[in-house]
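A short worksheet on the structure shown next.
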Amino acid sequence: MPDGGTTIIIQGRKRFKIKELVTDDPYFKVRYELLNDEIAENDSEFDAYVSSIKDLAAQIIALSPQLPSEASIILKNIENAPFLIHFVSSNLNSDVKEKQRILEISNLRQRAEVLMKLLQLELQLAELKNKINNKTKQDLDKQQRDYFLQQQMKSIKEELGGDSNDREIKEMQRKAETKKWPDAAKDLFTKGIEKLERMHPSTPITQ
């Protein structure tokens, strides 16, 4: 790499089960047994699982801005069912235990079934995150719009030297300062003034 480091890309080619650890120095050496996938011929239900897996994965990609758009193109171009299951499983946003559980299933149809259930959960999570993000954005947009409008109204009032609505409110506040009211009545008056201040200037004020 440009910084002098070394990057190694490792790709799994076959599933295997470790039978014996031979040595771990200077690196691991083991005796192993290759594991073959059990594939049923002309299994229409398995074909349906594969089709659903592809659809669910595509929906998750569409809802996940952190995933590159190229992932969707790669997904569409995968025709080999076992490779599709391996590819999607390896890119799941699940913990290592769940991925290991999928890897240990030899029957490809059962593996597809487990994968589909995990994808359904991941899709629900992606939809929920998307819903929360959209709501947060809408709330922020509304706050920004309200603030912008308030600033515009403030500027217009300053240009006009204030309005009758402001003058009447200030007059009511001035008169209220000379009165001795119980706390409950004072609180009610304050809330009423705050409400009037939020009202449109064209709304008539009844004193």
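The values are calculated or read from the model by the stated rules, or taken from the named source; none is laboratory data. Predicted model only: the values in this text are computed from it and were never measured. Heads up, the Cβs are rebuilt from the backbone with ideal geometry, glycines too, and the neighbour counts pull from every protein chain shown.
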Residues in segment 30-79 that are among the small types (G, A, S), out of contact with any Leu (no Cβ under 9 Å at 6 or more places or on another chain) and more than 17 Å from E127 (Cα to Cα) total 6
(message) Any residue that is of a type in the set (G, A, S), more than 23 Å from the chain's Cα centre (by Cα) and closer than 21 Å to G12 by Cα - is there at least one of those in segment 77-87?
(response) yes
Counting only helices (runs of 4 or more DSSP H) entirely within segment 1-91, those with at least 1 residues that are over 19 Å from Q110 (Cα atoms) are 44-63, 70-77
Among residues of segment 85-104 being of a type in the set (A, V, I, L, M) and crowded, with 19+ Cβ neighbours inside 10 Å, the residue farthest from A62 (Cα to Cα) is I102
Expected output for segment 125-152 (first residue surrounded by 11 or more Cβ atoms within 10 Å (Cβ to Cβ), partner in a helix (DSSP H, G or I) and modelled with pLDDT of 80 or more, Cβ below 8 Å, 6+ apart or cross-chain) is A126/Q59; A126/I60; A126/L63; E127/L63; K129/L63; N130/L63
